[in-house]
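Before any comments, here is the structure.
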Amino acid sequence: MPVLVTGEKGTGKKSVARAIHQFGDSSKKPFISINCLSFPHSLLERRLFGYEKGAFTGADKNGKMGLFELANTGTIFLDEVGELPLDMQVKLLRVLQEQEFERIGGRKPVKVDVRVLAATNRDLEEMVKQKTFRQDLYYRLNVIGVEVPSLRERREDIPVLATAFLERFALANRKEIKGFTPQAMDALLKYSWPGNVRELENAVERAAILCLGEYISERELPMAVSSAPKNSDAPTLAELQGAA
């Protein structure tokens, strides 16, 4: 069953997709991920659907499997699906409807059994109105919709995420860092995080590299975090601990 994961950039949509795959019946099957923005349109079709030998100049003499074939019996995750051109949307719709496609230069349909997870930070409903995204494809993808809230909407997750990131980066840099000072954690809690979880991860990595003591202080945090105007409505660490 297709799942459409939506949310701002950096909120962790790929992590959500991977979790959906791991907790499903196909958890031991392939999980293939591709960012639809990472390739030009002509190359994206080759990556997704593969090609037959002699399909174009420079093609492998044996042809090549695409990601849909590699994901057979498992899951394919299409990140930034809102960036697909209309002709590719038609091909994707065929896979969702009929579980088959044709390689570039091929004449025989290739049958696959693939679960499609897709993600986007775009407003697909608005794109449908503007006729830049197919309505039938939108409904096919959005059988189950999962919206990932921004980090500023779930500030109670910041201490958990920051601590997990710190443990990873301290180990990678061979440092014995015990945690954050209360002032540093309050700064993390009150910052608006326009880059969401990805920005938090980068901030903690930087702090772990710069930290020379047992605890990360405000001095090690990026200036954007430590000196930015604070959101007075955001909870402090003491308030979160009291609520728990």
message = Quick check: the distance between the Cα centres of the range 74-101 and the range 141-206, to the nearest angstrom?
response = 32 Å
request  = Report the accessible area of Met65, computed with a 1.4 Å probe over the heavy atoms of all protein chains in place, in Å² rounded to the nearest 10.
outcome  = 90 Å²
note = Under the 7 Å Cα-to-Cβ spin-label approximation, Gln99 and Lys9 lie apart by a distance in nanometres of 3.7 nm
23 Å tail of the calculated P(r), the range 1-99, as % of Cα pairs = 30 percent
task = For the chain, with a Gaussian network of springs between Cα atoms less than 10 Å apart, report the residue from Leu117, Leu188, Leu212 with the top mean-square fluctuation.
result = Leu212
task = Subtracting the Cα-Cα distance from 0.36 nm times the residue separation, let me have the gained length for Ala59 to Arg198 in nm, one decimal.
result = 46.3 nm
query = What accessible area, in Å² to the nearest ten, does a 1.4 Å probe give for Tyr191?
reply = 20 Å²
key: Segment Ser42-Lys111, extension gain: residue separation times 0.36 nm, minus the distance between their alpha carbons   = 22.6 nm
key: Charge tally in the Cβ shell below 11 Å around Ala17, where Lys, Arg are +1 and Asp, Glu are -1, Ala17 excluded   = +3
key: Paramagnetic label zone (point 7 Å from Cα along Cα-to-C-beta, Val128; backbone N under 17 Å) in the range 1-26   = 2-7
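The values are calculated or read from the model by the stated rules, or taken from the named source; none is laboratory data. Since the model is a prediction, treat every value here as computed from it, not as a measurement. Positions of Cβ are generated from backbone atoms using ideal geometry, with glycine treated the same way; all protein chains shown enter the neighbour counts. When the accessible area is computed, the model is the full protein with side chains, heavy atoms only, and any ligands, DNA or RNA have been set aside. Shrake-Rupley method; radii C 1.70, N 1.55, O 1.52, S 1.80 Å.
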